[in-house]
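The values are calculated or read from the model by the stated rules, or taken from the named source; none is laboratory data. Computed from a predicted model, the values in this text were never measured in an experiment. Here the Cβ positions follow ideal geometry from the backbone for every residue, glycine too, while neighbour counts run over all protein chains shown. Ligands, DNA and RNA are excluded from the accessible area calculation, which covers all protein heavy atoms including side chains. Shrake-Rupley method; radii C 1.70, N 1.55, O 1.52, S 1.80 Å.
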Amino acid sequence: MIYITGDTHRDFRRFSKRGRFRTKCQPGEGDYVIVCGDLGLLWDKSPTFDFDLEVMSRYPFTLLWVQGNHENYDMIAEYPVEYWNGGKVRHIIRDKVILLERGQVFEIDGKSFFTFGGASCHDIQDGILDPDDPDFTQKRRQMDRQRKMYRIRNISWWEAELPTEEELQEGLQNLKKAGNQVDFIITHCPSGWGTRRVFAEHGLPTTEQFGYKEDILTEYFDQLEEKVTFTHWFFGHLHDDMTLDERHTMLYFGIVRLTGDEDVYEIV
């Protein structure tokens, strides 16, 4: 069985014995749980990280995830790229916690998945500070006093949150090999169309008021909306649970279970 959920941001209580997964679903041996980005496991090498690895090593299921925008891409790069179920991955815990790389097509439990992680940070309206700047400390203190929304290069923000042209092209090539047809698409951010649809459903006039701007990735996803045949597209990033239409679902705390015979993917 395959389960899909949204951003965890290093809060993994939903997977605990008393968490949302245990009360709503019970994934077990041989099952997969897919997180649509911002897992938050790879953030810093603290005792918390070691503790989380130990706990996750005992999960009965396999945890799969795509990159979000709030990930430490330097830590991700320390894990070698390998091949698993048809695509490139990084094993964070061998066969237990697996990063699904960008632009890949996987065969998982009899279904095909196209994965493409990443997104633009929306919480950097007031800038990105460089720790190598001689005035870094002064600027940071000023930002903090003014309660500005900022991040720090290679400490809390990474340029790799958005894909390279090579990754974009690799995704198109892999989709072409699959006949531009997959069962499911798993991403962190939605397409530009998806973002606008979410904000419209919430009655919000523009996305840019909240820092969500279209970029090379949302435009890329708009192209996929047109050229790829898929059953359903799941994404996170916008911190809500919502079924946009019969082919698009946004997840945050919600969980979707793929049983293989449903027409509507119910969020629980």
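Of all residues in the stretch 44-64, those that are in contact with an Asp or Glu (Cβ under 9 Å, 6 or more places away or on another chain) and of a type in the set (A, V, I, L, M, F, W, C) total 1. Within the stretch 192-204, the only residue that satisfies the criterion of being closer than 25 Å to residue 106 by Cα and touching a residue at least 40 places away in the same chain (Cβ under 8 Å) is 194. Of all residues in the stretch 20-39, those satisfying the criterion of being assigned to a loop (DSSP other than H, G, I, E, B) and closer than 18 Å to residue 187 by Cβ are 36, 37, 38, 39.
The criterion of being small (Gly, Ala, Ser), buried (at least 20 other Cβ atoms within 10 Å of the Cβ) and either part of a loop (DSSP other than H, G, I, E, B) or touching a His at 6+ places or on another chain (Cβ under 7 Å) (or both) holds for residue 194.
Annotation note: Cβ proximity below 7 Å between a residue of the stretch 1-23 that is in contact (Cβ under 8 Å) with a residue 40 or more places away in the chain and a residue that is open to solvent by less than 20 Å² (accessible area, probe 1.4 Å) and among the small types (Gly, Ala, Ser) (sequence gap 6+ or interchain) occurs for 5/254; 6/236; 6/254; 7/37; 7/68; 7/236; 9/40; 10/40.
Table: residues versus (1) out of contact with any Phe, Trp or Tyr (no Cβ under 8 Å at 6 or more places or on another chain); (2) of a type in the set (Gly, Ala, Ser); (3) closer than 25 Å to residue 172 by Cα.
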| position | (1), (2), (3) |
| --- | --- |
| 9 | yes, no, no |
| 56 | no, no, no |
| 62 | no, no, no |
| 65 | yes, no, yes |
| 74 | no, no, no |
| 89 | no, no, yes |
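Look at (1) closer than 22 Å to residue 248 by Cα; (2) open to solvent by 10 Å² or more (accessible area, probe 1.4 Å); (3) among the hydroxyl-bearing types (Ser, Thr, Tyr) and you find that residue 5 fails only one, number (2). Considering (1) in contact with a helix residue (DSSP H, G or I) (Cβ under 8 Å, 6 or more places away or on another chain); (2) of a type in the set (Phe, Trp, Tyr); (3) touching a residue at least 40 places away in the same chain (Cβ under 8 Å), the lone condition that residue 32 does not fulfil carries the number (1). Given the condition in a strand (DSSP E or B) and in contact with an Asp or Glu (Cβ under 7 Å, 6 or more places away or on another chain), answer yes or no: does some residue in the stretch 232-239 qualify? No, the stretch 232-239 contains no residue that is in a strand (DSSP E or B) and in contact with an Asp or Glu (Cβ under 7 Å, 6 or more places away or on another chain).
Determine, yes or no, whether residue 32 is under 23 Å from residue 156 (Cα atoms), open to solvent by 20 Å² or more (accessible area, probe 1.4 Å), of a type in the set (Ser, Thr, Tyr) and modelled with pLDDT of 95 or more. Here the answer is no, as residue 32 does not meet what is asked. Of 172, 168, all but one fail to be of a type in the set (A, V, I, L, M), open to solvent by less than 30 Å² (accessible area, probe 1.4 Å), within 23 Å of residue 104 (Cβ to Cβ) and part of a helix (DSSP H, G or I); the exception is 168. Residue pairs whose Cβ atoms lie under 7 Å apart, separated by 6 or more positions or on different chains, with the first residue in the stretch 41-64 and within 18 Å of residue 6 (Cα to Cα) and the second open to solvent by 70 Å² or more (accessible area, probe 1.4 Å) and in a loop (DSSP other than H, G, I, E, B), are 62/95.
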